[in-house]
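Take a look at the structure below.
Every number in this text was worked out from the coordinates using simple rules, so none of it is lab data. Remember, predicted model here, so these are calculated numbers, not experimental data. Please note: Cβ atoms are built from the backbone with ideal geometry, for glycine as well, and neighbour counts cover all protein chains shown.
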């Protein structure tokens, strides 16, 4: 993974060095947390890429549950309990067992899932339902689980063999699974959902889908070494956090993750939650009311050049952009059709799709540069387990560092509980 900021972010090496000086003690804390196998702190999610014991536990259960009969894994979770898994799955498009995701309350999705489940069992296949909830009490996840498990029970008397629960130990959901003799995987108490993609939350379903989870973790671990470095010129997470923080201080209220690979759109939605819940805070670390944050959104090139580019270039100068592109392996040559059609856009003649996309990317970046709009660039070595693992871990460390620069708690989300309490009161 390559990261560049020097010519485009509106910050200097001096700014990065200043940020490094302010974050030096916290970087030390993060290094300690990365070695914490007991997961005793919020930052100890950094240990996940190196937790070999957890990998062994997951692989053992994968071997137990994977079979030729298994046709679909239904992942039931919301927010951090499925966004990271979904992001990796859509980025890599693995060829293993199909994953489907159930987050919001949606009648048609549930009816179609039950119909699909009945068809699978009618043809001699099986499904596996992976119920994921850190707290074990999330209304949407419990609701979707009840509907899907009820359908499963009507099809298979051994339905318990086709359910796996991933939750915090001793939660109500964990207690139910134990009472039913249903296998359980741990979500460590101090690892919040948006930081949990490299835990059993993400690794178990992804392994069933055919993702090389060792390579995914290897990529995360390799970039983490750079992102915890005290050497500012070697630390992309520090550089990116410093650039975003500088933009916020200059009036930026939005952060655009501009991905030039459609397969990364779901990664953008994962990052949207990471930034929204980690940085959008009513109070700072001292308890003062600050209403801090930067609003994240994702755009896809070249699709959104025809929907949002006019706003991005001509609208309010209140946005910071991270461009992300990939070195794709395959390509498609643009064929000769006939002389009249080929003359419509003659610049396309004797070109390939990759060449056209590269020109579109450079044109976009140059437009931003000529307008003086602040941005940084990330280039991934294609879309592989290692490269995706690197990007996700880079963004998680970046967010931890940015939260500390903003003096907010990256790990709580107290305001999210407001809608949950009101919802339960209404349901009574």
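Key figures for this structure:
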read-out: Cα shape, the stretch 238-352, gyration tensor, a/c 1.5 rule; value: prolate
read-out: Rounded, prolate or oblate (a/c below 1.5 giving rounded, otherwise prolate when a/b exceeds b/c) for the stretch 174-283 by Cα gyration tensor; value: prolate
read-out: Percent RCO, i.e. relative contact order, over the chain, from Cα pairs under 8 Å lying at least 6 residues apart; value: 21
read-out: Extension reserve of the residue 307-residue 420 stretch, reckoned as 0.36 nm per residue once the Cα distance is removed; value: 37.3 nm
read-out: Contact order relative to length of the stretch 43-215, as percent, for alpha carbon pairs under 8 angstrom and 6 or more apart; value: 32
read-out: Pairwise centroid distance, computed over Cα atoms, of the stretch 90-110 with the stretch 152-202, Å; value: 18
read-out: Taking the stretch 325-410 and dividing mean pair separation by its residue count, relative contact order in percent (alpha carbons under 8 Å, at least six apart); value: 31
read-out: FRET efficiency for residue 289 and residue 249, using Cβ-Cβ distance with R0 set to 22 Å, rounded to 0.05; value: 0.75
read-out: The chain: calculated mean residue ellipticity at 222 nm from DSSP helix runs of at least 4, using -39500 (n - 2.57); value: -15000 deg cm²/dmol
read-out: Global form of the chain, assessed from the alpha-carbon gyration tensor, a/c cut-off 1.5; value: oblate
read-out: Under 17 Å from the residue 333 label point (7 Å along Cα→beta-carbon), backbone N, the stretch 351-394; value: 351-356
read-out: Distance between modelled label sites at residue 105 and residue 158, nm, 7 Å Cα→Cβ extension; value: 3.6
read-out: 14 Å cut-off, amide nitrogen to a point 7 angstrom out along residue 17 Cα→Cβ, residues in the stretch 230-250; value: 231-234
read-out: Cα convex hull of the stretch 43-215, projected area averaged across orientations, nm²; value: 9.2
read-out: Centroid-to-centroid separation of the stretch 52-71 and the stretch 211-264 [C-alpha atoms, Å]; value: 31
read-out: Among 316, 188, 236, residue whose mean-square fluctuation peaks in a GNM of the chain (springs only between Cα atoms under 10 Å); value: 316
read-out: Antiparallel content of DSSP bridges confined to the chain, in %, to 5; value: 15
